[in-house]
Amino acid sequence: MTWKLFFTSSIGKKFIMALTGIFLITFLIVHCGINAMIFFNDGGETFNHWGHFMGSNLIVRTMELGLFLFLIMHIVQGLTLWSQNNKSRPVKYVVKNSAANSTWYSRSMGLLGTLILIFLVLHLYHFWTPSRFGGMAGIKALDETSLATYNNEEVHNLYAEMKLVFENNLLIVVVYILGVISLCWHLLHGFQSAFQTFGVNHKRYTPIIKGAGVVYSVVICLLFALMPLAFYLHWVN
Amino acid sequence: MEHYNMNLTLKIWRQKNNQSAGSLETYQVKDISSEMSFLEMFDVLNEQLIVAGDDPIAFDHDCREGICGQCSMHIDGRAHGPWTNNTTCQLHMRAFKDGDTIVVEPWRSKAFPVIKDLMVDRSSFDRIIQAGGYISVNTGNAVDANSLPIDKKDADNAFMAAACIGCGACVATCVNSSAMLFVSAKVAQLAQLPQGQPERESRVLNMVAQMDKENFGNCTNTYACEAECPKGISVSNIARLNREYLSAGLSTEQ
């Protein structure tokens, strides 16, 4: 069996979704953990310090390439599956009571994923582009955010960038919260689904995995949702 | 339980053949006993249609005792109707009330083309079984049952997977029309028994390859199949299928 045959089979495609999904789940822990440092309310010093570490460390930057690769694989594979699965039932049911047998979000991963993708484009434009290309003319997404200096080391002031994006923009705050809600539903299904795909289904462990998935999804998304709110409502300054 | 009679409005999918487009037609039935099975109610309706000179409704059925897997109706938006762990033939009219309107459609999937009305062609399932859902042994005298020691747990799990009757409710109910539960049941059954070992690798690879050829969709773990399966086949079999496929796919030299 060739690799191509393996990964283009229906089960191989699931493995790609699960593998890249688990990588993205791990990434979100790091992303959320570092961003949550804004809640120290120290003018962003701790957050900017770690933001700078993530932006300048060679290993992390290399992993960032992997992150983009996996993200693109997850998106392309997901959209392909969505389209293929849609074609497998050309004539739809007139009456379908799906609520009787499955959760709406488990059936709506393609839709939720697309909403997250739209949000992600805006999100990268707000933060990733300025922090990576901040010094280059013409590519900057927003007004110049000043460099902050801590211990004689200049770091990109992502804290100021967050403040700029969220402080007086109710619309942006609402869009971010809607994006995070989509993410939450997506994770609620995706977390436990990835384990099932890898064949982990056990009387003892599956309830733990499902419970951990709910805790993970709610905690991560709640923290993310509080970030734009914190700036908008001046909980942090 | 108290016996009662009911009058019902039925909206039933009529489709001449695979090439024509179908539509829901409305019928009335009167004095249906709550003790009748759903298929007996269909027999009453068909007798009415025959007497009136109309074409009776084509539907699959055979044993009418919940074990053959032939009956296949999508009733009020659910495969085999409102009861769980139940086939259409074992659905009884006490599930409905006087004056109800019931919508009946065929299984809908690209892999299950409609033959006529509520009958669909499920030979895609046969071709998947032909691809590997068997063991190759010379038949002869039956050997003593205890001459092959099998762990109780494995025997029980294999037996639960073997309960699949191949009705196709999993495909019919799945948002993706995936056949993963059906395929996993046969793979899981044989993978846990000593007789299934010689062809264990080729079985899972060939059955999955055939499943992919038959235009079924891809599983996204909604678990609707398990909820609607008349035999309660567990999605833990799908997890086992994934493990079997991963292990066979990585180690095979085919």
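The values are calculated or read from the model by the stated rules, or taken from the named source; none is laboratory data. Note that the structure is predicted; figures quoted are calculated from it, not measured. Cβ sites come from the backbone with ideal geometry, for glycine too, and all protein chains shown count toward neighbours.
Can residue B:188 be described as within 18 Å of the chain's Cα centre (by Cα) and either modelled with pLDDT under 95 or more than 23 Å from residue A:89 (Cα to Cα) (or both)? Give the steps one after another, and end with the answer.
Details: within 18 Å of the chain's Cα centre (by Cα): yes; either modelled with pLDDT under 95 or more than 23 Å from residue A:89 (Cα to Cα) (or both): yes.
For residue B:188, the condition - within 18 Å of the chain's Cα centre (by Cα) and either modelled with pLDDT under 95 or more than 23 Å from residue A:89 (Cα to Cα) (or both) - is met.
Among the residues of the stretch B:140-158, is there at least one that is without any contact (Cβ under 8 Å) to a residue 60 or more places away in the chain, under 25 Å from residue A:17 (Cβ atoms) and not charged (D, E, K, R)?
no
Would a scan of the stretch B:189-206 turn up a residue that is free of Cβ contacts under 8 Å to residues at least 60 places away in the same chain, outside the structural domain of residue B:104 (by TED's automatic domain parsing) and among the β-branched types (Val, Ile, Thr)?
No, every residue in the stretch B:189-206 fails to be free of Cβ contacts under 8 Å to residues at least 60 places away in the same chain, outside the structural domain of residue B:104 (by TED's automatic domain parsing) and among the β-branched types (Val, Ile, Thr).
Please determine whether any residue of the stretch B:74-88 is assigned to a helix (DSSP H, G or I) and touching a residue at least 12 places away in the same chain (Cβ under 8 Å).
To start, the set of residues in the stretch B:74-88 that are assigned to a helix (DSSP H, G or I) comprises B:88.
Still in the list and also touching a residue at least 12 places away in the same chain (Cβ under 8 Å): B:88.
Yes, the stretch B:74-88 contains at least one residue that is assigned to a helix (DSSP H, G or I) and touching a residue at least 12 places away in the same chain (Cβ under 8 Å).
Name the helices (runs of 4 or more DSSP H) wholly inside the stretch A:1-71 in which the number of residues that are within 14 Å of chain B (Cβ to nearest Cβ) and not basic (Lys, Arg) is 2 or more.
Answer list for the stretch A:1-71: A:3-8, A:10-35.
On the given criteria, is residue B:103 in contact (Cβ under 8 Å) with a residue 40 or more places away in the chain, crowded, with 24+ Cβ neighbours inside 10 Å and closer than 30 Å to residue A:105 by Cβ?
The answer is no for residue B:103.
Can you confirm whether the stretch B:10-28 contains a residue that is surrounded by 20 or more Cβ atoms within 10 Å (Cβ to Cβ), touching a Phe, Trp or Tyr at 6+ places or on another chain (Cβ under 9 Å) and within 24 Å of residue B:165 (Cβ to Cβ)?
yes
Does residue A:123 meet the test of being over 20 Å from the mean Cα position of the chain (by Cα), farther than 22 Å from residue B:216 by Cα and in a helix (DSSP H, G or I)?
Here the answer is no, as residue A:123 does not meet what is asked.
Identify, from the list A:217, A:182, the residue that is of a type outside the set (Lys, Arg), closer than 30 Å to residue B:239 by Cβ and either touching a residue at least 40 places away in the same chain (Cβ under 8 Å) or in contact with a Pro (Cβ under 7 Å, 6 or more places away or on another chain) (or both). Before you say what the answer is, go through the steps one by one.
Numbers: A:217 fails: either touching a residue at least 40 places away in the same chain (Cβ under 8 Å) or in contact with a Pro (Cβ under 7 Å, 6 or more places away or on another chain) (or both).
Matching residue, one of A:217, A:182: A:182.
Just checking, does the stretch A:112-119 include any residue being within 14 Å of chain B (Cβ to nearest Cβ) and either at pLDDT 95 or above or surrounded by 16 or more Cβ atoms within 10 Å (Cβ to Cβ) (or both)? Steps first, please.
So the first thing to find is which residues in the stretch A:112-119 are within 14 Å of chain B (Cβ to nearest Cβ), and the list is A:112-113.
Add one more test, that the residue is either at pLDDT 95 or above or surrounded by 16 or more Cβ atoms within 10 Å (Cβ to Cβ) (or both), and what stays is A:112-113.
Within the stretch A:112-119 (the criterion being within 14 Å of chain B (Cβ to nearest Cβ) and either at pLDDT 95 or above or surrounded by 16 or more Cβ atoms within 10 Å (Cβ to Cβ) (or both)), the answer is yes, since at least one residue qualifies.
In the list B:32, B:67, B:50, which residue meets the criterion of being in contact with a Ser or Thr (Cβ under 9 Å, 6 or more places away or on another chain) and either away from chain A (no Cβ under 14 Å) or not in a strand (DSSP E or B) (or both)?
It is B:67.
Answer yes or no as to whether residue A:79 is in a helix (DSSP H, G or I), within 30 Å of residue A:109 (Cα to Cα), touching a residue at least 24 places away in the same chain (Cβ under 8 Å) and among the aliphatic types (A, V, I, L, M).
yes
Has the stretch B:144-157 got any residue that is touching a Gly at 6+ places or on another chain (Cβ under 9 Å), more than 9 Å from chain A (Cβ to nearest Cβ), under 23 Å from residue A:14 (Cβ atoms) and not acidic (Asp, Glu)?
Scanning the stretch B:144-157, I find no residue that is touching a Gly at 6+ places or on another chain (Cβ under 9 Å), more than 9 Å from chain A (Cβ to nearest Cβ), under 23 Å from residue A:14 (Cβ atoms) and not acidic (Asp, Glu), so the answer is no.
So which residues in the stretch B:221-234 are under 17 Å from residue B:109 (Cα atoms), more than 7 Å from every other protein chain (Cβ to nearest Cβ) and free of Cβ contacts under 8 Å to residues at least 60 places away in the same chain, if there are any at all?
Scanning the stretch B:221-234 gives a single hit, B:225.
I need the full set of residues from the stretch B:87-106 which are under 18 Å from residue A:99 (Cα atoms) and under 14 Å from the mean Cα position of the chain (by Cα), in order please.
Scanning the stretch B:87-106 gives no hits.
Any idea how many residues of the stretch A:129-165 are modelled with pLDDT of 60 or more, under 25 Å from the mean Cα position of the chain (by Cα), buried (at least 16 other Cβ atoms within 10 Å of the Cβ) and of a type in the set (A, V, I, L, M, F, W, C)?
6
Looking at the stretch A:178-237 only, could you name the residues that are in a loop (DSSP other than H, G, I, E, B) and β-branched (Val, Ile, Thr)?
A:200, A:236
For residues in the stretch A:197-212 being small (Gly, Ala, Ser) and within 24 Å of the chain's Cα centre (by Cα), which is surrounded by the most Cβ atoms within 10 Å (Cβ to Cβ)? Quick ask: steps written out before the conclusion?
Pass one, the stretch A:197-212, residues small (Gly, Ala, Ser): A:199, A:211-212.
Checking which are within 24 Å of the chain's Cα centre (by Cα) leaves us with A:211-212.
Working: A:211: 11, A:212: 14.
Taking the candidates together, the pick is A:212.
Which of the residues belonging to the stretch B:70-108 are among the charged types (D, E, K, R) and either within 14 Å of another protein chain (Cβ to nearest Cβ) or at positive phi (or both)?
Once the filter is applied, which keeps residues that are among the charged types (D, E, K, R) and either within 14 Å of another protein chain (Cβ to nearest Cβ) or at positive phi (or both), the stretch B:70-108 yields B:76, B:78, B:100, B:105, B:108.
Which one of B:218, B:206, B:237, B:176 is surrounded by fewer than 20 Cβ atoms within 10 Å (Cβ to Cβ) and either among the aromatic types (Phe, Trp, Tyr) or within 12 Å of chain A (Cβ to nearest Cβ) (or both)?
Of the residues listed, the single one that is surrounded by fewer than 20 Cβ atoms within 10 Å (Cβ to Cβ) and either among the aromatic types (Phe, Trp, Tyr) or within 12 Å of chain A (Cβ to nearest Cβ) (or both) is B:206.
So is residue B:116 away from chain A (no Cβ under 14 Å) and surrounded by 14 or more Cβ atoms within 10 Å (Cβ to Cβ) or not?
Yes.
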